[in-house]
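K.L.:
Handing you this structure, nothing more for now.
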Amino acid sequence: MRLKLEGKINSLYVQSLCMMFFRGEKFPVHEDAPRGELTVIAKDESNGIRCQVQLVYDGKAVTSEHFERFNDCDKYERISKTCIGHAIFRACSDLTGYLPPWGLLTGIRPSAVASELIDKYGNEMAYSILKDKYILSAEKAKLAIQVAINERQIINKYDNSTCSVYISIPFCPTRCTYCSFISYATDKLFKLIPNYVDKIIQQLNDTFELINRLGLKIVTVYIGGGTPTTLSCEQLERILAIVDKCIDKQSLVEFTVEGGRPDTITVEKLSVIKKYGVNRISVNPQSLNDEVLKNIGRRHSSYDFFNSYELVSKSGIPVINTDLIAGLDGDTFESFKNTLDKIIELSPHNITVHSFSVKKSAQALQDDKGIYNLDGECAINSVDYSYSTLIENGYIPYYMYRQKNTISDLENVGYAKPEAIGAYNVLMMSDEHTVFGIGAGATTKLVRKNGENREILRIFSHKYPYEYLQDNQNFNCKIINFFEGRSNDENN
Ligand SMILES: C[S@@+](CC[C@H](N)C(=O)[O-])C[C@H]1O[C@@H](n2cnc3c(N)ncnc32)[C@H](O)[C@@H]1O
Ligand code: SF4
């Protein structure tokens, strides 16, 4: 679909809106043509901005117009975005009959917007603004407000003298077809694991020393992946023992190991994990439909999941999380409902409901399974059912994020029993908490208060384990400069 844009218009924003309605299309901007399939004209007037849209597609044509008044609260860019967004949204939804549930919110966490609105106007007004100005459905506006309130409770507990540590173990027993995370899953690449563990231990020692020097207290540690329980008992123990030795237990509130794949969990590994004070673990079915598990290349059955879950519950690790995915290849609403109902019967402390998303690296996309054409109806019903049923069963939505290329533009939501909210998940997403990332693919996010403002610096490790092993990246100078308020320009 060709775009013709006239006036002060951000073409990336227009493209991201169009993508919600016309999946798989490209949206080149044609500067010289008099008109495109989508023509957008934005003009400043004395008291606001007016945007006119004409859309011609598939033999149909629609027009729309929106006027947004200047106001004292919002900057010009925001007013312009709202104005252009409304006009395009109306034209596209009139033509396609589709109303994206998250309205104009693209490329930003809904709870971050909700949180800002709550701070300024309170809960009720924030809810109305999300519905009217950002065109969210009533259900999604409510969800965004609930998550923002629950997130805030966690964020407020930890001030700038605290931080968290993330340890990345990007290895898995086999590769699931839908997965877009970087993770090594072949015997040849498993040969890197011993060196990888050595390097992680070295980096952990350095990082703990640095954290001490900076006077920060570690409040959460998260060992994620990949599948950390792909490591042997000995390898896991070496990593856990360093954390145990170097961390002040008084300040540590949460220590998570993402077990994940049921086929990697053993009694021996659980006993090592428990011994070193881990108090939260994931064991993930994704689905309890064996046909779906086969479709997505998980090397375990629902029976294996129940066995592993039993081992984990008997291990004495206090908090258990289970991950599910709505909208998987071959799944139906009835089958997802059955999965969720059975998981609720187990009563885990956390249930995370992801919506199926496809990234270019996923095997399923390379196999050309027509993933973009998957019927979103099953995912929409599954996500709606998860929300209402989990609330009914005493769970609260406490963190949420959205990704590109997700079926029906849906969200990923972490639900928890109120006393067992996963703090790391909230803190790592907020712009108010420092996280040190260890290992390949890990991101370090530094946050520092400068007067009334907050400064954030993100530092990225090498993505792939083999790059991480070859190159001795050392970010200590950069980190110290940041916390001591010195410029890092020459290092960037
Ligand atoms: C980093 S993965 C690690 C979990 C662990 N290796 C496992 O598979 O059980 C975290 C979670 O992301 C979710 N996930 C991964 N790929 C996804 C996709 N393409 N769409 C939606 N959710 C996805 C899954 O629910 C998975 O449990
Ligand atoms: S979903 Fe989990 S187990 Fe499967 S490949 Fe991705 S990270 Fe590994």
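The values are calculated or read from the model by the stated rules, or taken from the named source; none is laboratory data. Treat the numbers as computed from the prediction; the structure is a model and nothing was measured. No Cβ is skipped: glycine too gets one built from the backbone with ideal geometry, and neighbour counts run over all protein chains shown. These area figures cover heavy atoms from the full protein model, side chains too; ligands, DNA and RNA do not enter into them. Shrake-Rupley method; radii C 1.70, N 1.55, O 1.52, S 1.80 Å.
K.L.:
Tell me the Kirkwood hydrodynamic radius of the range 157-435 in angstroms, computed as one over the mean inverse distance between distinct C-alpha pairs.
P.N.:
Mean inverse Cα-Cα distance, inverted, gives 19.4 Å.
K.L.:
Here's a follow-up. Just to be sure I understand: if I project the alpha-carbon convex hull of the range 287-366 onto a plane and average over all orientations, what area do I get in nm²?
P.N.:
Its Cα hull, projected and averaged over all orientations, spans 5.6 nm².
K.L.:
Would you mind putting 405-413, 342-350 in packing order, based on average other-beta-carbon counts within 10 Å, highest first?
P.N.:
405-413, 342-350
K.L.:
With label points built 7 Å along Cα→Cβ from the Cα atoms of Glu116 and Arg78, find their separation and express it in nm.
P.N.:
So the label points at Glu116 and Arg78 sit 0.5 nm apart.
K.L.:
Ok, one more. Nearest 10 degrees, 0 to 90: what angle lies between the long axis of helix 11-21 and the longest principal axis of the chain (Cα atoms)?
P.N.:
With both axes taken from Cα atoms, the answer is about 80 degrees.
K.L.:
Further question on the same structure: Send over a whole-number figure in Å² for the accessible area per residue of the chain, probe 1.4 Å.
P.N.:
The answer is 46 Å² per residue.
K.L.:
Still on this structure: What does the extension gain come out to for Asp290 and Gln470, with contour length at 0.36 nm per residue minus their alpha carbon separation?
P.N.:
60.8 nm
K.L.:
Looking at the P(r) of the chain, how many percent of alpha-carbon pairs lie beyond 40 Å?
P.N.:
Percent of Cα pairs beyond 40 Å in the chain: 26.
K.L.:
For the range 100-156, max minus min Cα coordinate along each principal axis, in Å, sorted largest first?
P.N.:
The principal-axis extents, from largest down, are 32, 21, 16 Å.
K.L.:
While we're here: Over all directions, what mean area does the Cα convex hull of the range 1-97 project, stated in square nanometres?
P.N.:
Here the figure is 6.1 nm², rounded to one decimal.
K.L.:
For the chain, what proportion of DSSP beta bridges, expressed in % and rounded to the nearest 5, is antiparallel?
P.N.:
Expressed as a percentage, antiparallel bridges in the chain total about 50.
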